[in-house]
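All of the numbers you see were taken from the coordinates with simple rules; none came from a lab. This structure is a prediction, so every number in the text was calculated from the model and none was measured. No Cβ is skipped: glycine too gets one built from the backbone with ideal geometry, and neighbour counts run over all protein chains shown.
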Amino acid sequence: MVQSDRASCCRVGAETGRLSEEDFLFNSSEQGTVLSPSSCHIRVNEHVYEAPHSRDGPGPNQAPDRERSTPLPVQPDGEGLKRVGEVLVKTSDPGGKFRVLGCLITAHSEMGKYKEMLKYALAQIDTAREMEDPDYLTEGYLNLARSNEKLCDFQKTVSYCKTCLNMQGTTVSLQLNGQVCLSMGNAFLGLSVFQKALESYEKALRYAHNNDDKMLECRVCCSLGNFYVQLKDYEKALFFPCKAAELVNDYGKGWSLKYRAMSQYHMALAYRKLDRLPDAMECCEESMKIALQHGDRPLQALCLLNFADIHRCRNDVDKAFPRYESSMCIMTEIGNRLGQASVYLGVGKCWLQQKELDKALEVLQRAQEVADGVGNKLFSLKVHCLCETIFRSQERQNELREQVVKFLQCVEELELYCGMCGESIGEKNQQLQAQPCSHIFHLKCLQSGGTKGCPKCRHASMKPGFV
Ligand SMILES: [Zn+2]
Ligand SMILES: [Zn+2]
């Protein structure tokens, strides 16, 4: 599977005047509004409009995907949104109002205007209550969960997802449950609760398979890529986004291009970790191009961050710094706090490379604060690890000891060790395997262990099919 990844990912517009990563940055730093779609010269004729919403009749093979079921009647620019707003004011039919709100939610989500997204999700819930319609209410809560996920309020996300899952018996719940599980998985991953994240992703995949929902499967695969990047099983980190890219190729004709962009971005991430930097660059450029076409600010920020990281891996900090800066600009604007922490971490590593230890410490401190605010333990662990290196080289013994203790606490809390050999997980690139209970082990330990079931919880059952 892994070896077929490059060939299977056809590349939109690659044959016609390919933009290089340098062009993206030029646009970002020269313009007042960073990377606005109008500031670059990209063909937009491949822009795929999403199918119009029909609550009553998705075809038999069209699994109703939230992304598709609340499409944009207009492009998400200011003018279009104003028109949608006007429709909203005139609408007296609550069902119509609910759908218009759905459009506004999708549009604002793509632009990274998450606070507005949240506002409209709350309005949706009010409307649903007015109608006393549990279907609409479930959908409203899903949007509320998603808004919170984007704003990195992961505890709230989990609790709204649980609200959705508890509203069983509604006709939409079966169609939405997969998406609820995906959002819940993302929230658990944001909180570094790996076992629960994996459990949620597996459930989401099961819903996707049962409903033949390829879009959902594609999104879960991207999230799983992210999951395994964090745990440093880079083979799986590449496998899942490649699988997502395959799904886009095989079924994605009517989908929004953002699915391609999403899979390319996650592939780029894995390639960078595998030190395949030219591949990483190529995928990231492809992703960035689409993100610009769609005015997808959140993805632009992530791509810029990845560009910066790639340059850092090439020891080219002069190129890395401005890209971190551009990325930080958007991350701050949209409120992606986890993204901000990632930027700080990257900048800190750059200062380390430059042997500017005090500057590195200062930035790492900020990374720590943001990560604490979000509740992401893995970031804390990474920060402690880097601080350890710095204090060791400065021979500051007391500070060093403090960092070591904190680091070990994080490892303990995150349960980042293999239940069989007791060695760490997520410290270096190693193949991992999950048990059906979603406990994670070294693959080699499970293979050599010969036990049936999970050594951690003694849960005996079949091996999982997907992850
Ligand atoms: Zn092990
Ligand atoms: Zn277990």
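Here the average projected area of the convex hull drawn through the C-alpha atoms of segment 64-211 stands at 8.3 nm². Evaluating 6.51 cos²θ - 1.76 cosθ + 1.60 at θ = phi - 60° for every residue in segment 397-405, the Karplus couplings come out as 4, 5, 4, 4, 4, 4, 5, 4, 4 Hz, glycine and proline recorded as x. So what does the Cα-only Debye profile of segment 331-416 read at q = 0.10, 0.20, 0.21, 0.26 Å⁻¹, as log10 I(q)/I(0), no solvent term? Ignoring solvent entirely, the Cα scatterers give -0.24, -0.89, -0.96, -1.26.
Treating only the Cβ atoms of Lys and Arg (+1) and Asp and Glu (-1) as charged, compute the dipole magnitude of segment 331-416 about its Cα centre; round to the nearest 20 debye.
Details: 11 positive and 13 negative charges, 41 e Å.
For this selection, approximately 200 debye.
In order along segment 271-285, phi translates into HN-Hα couplings of 4, 5, 5, 7, 6, 9, 5, x, 4, 4, 4, 4, 5, 5, 5 Hz, rounded to whole numbers, per the Karplus curve 6.51 cos²θ - 1.76 cosθ + 1.60 with θ = phi - 60° and x for Gly and Pro.
What ratio of Cα Rg to 2.2 N^0.38 Å holds for segment 311-467? All intermediate terms of the calculation are to be shown ahead of the outcome.
Working: Rg = 18.8 Å, N = 157, 2.2 N^0.38 = 15.0 Å.
Relative to the 2.2 N^0.38 Å estimate, segment 311-467 comes out at 1.25.
Working ranking of peptides 286-294, 320-328, 262-270 by packing, defined as the average number of other Cβ atoms within 10 Å per residue, highest first, is 262-270, 286-294, 320-328.
For segment 105-194, a crude dipole built from +1 on the beta carbon of Lys and Arg and -1 on the beta carbon of Asp and Glu, taken about the Cα centre, is about 360 debye to the nearest 20. Scanning residues 5 or more positions from residue 432 or on other chains, those with amide H under 5 Å from its amide H are 443, with H placed 1.01 Å from N in the peptide plane.
Overall, segment 296-441 carries a charge dipole of about 280 debye about its Cα centre when +1 sits on the Cβ of Lys and Arg and -1 on the Cβ of Asp and Glu, all other atoms neutral. In order along segment 385-392, the phi-based Karplus estimate (6.51 cos²θ - 1.76 cosθ + 1.60, θ = phi - 60°) of 3J(HN,Hα) comes to 4, 5, 4, 3, 4, 5, 5, 5 Hz; Gly and Pro are listed as x. Close amide H partners of residue 296, meaning residues 5 or more places away or on another chain with modelled amide H under 5 Å apart, do not exist here.
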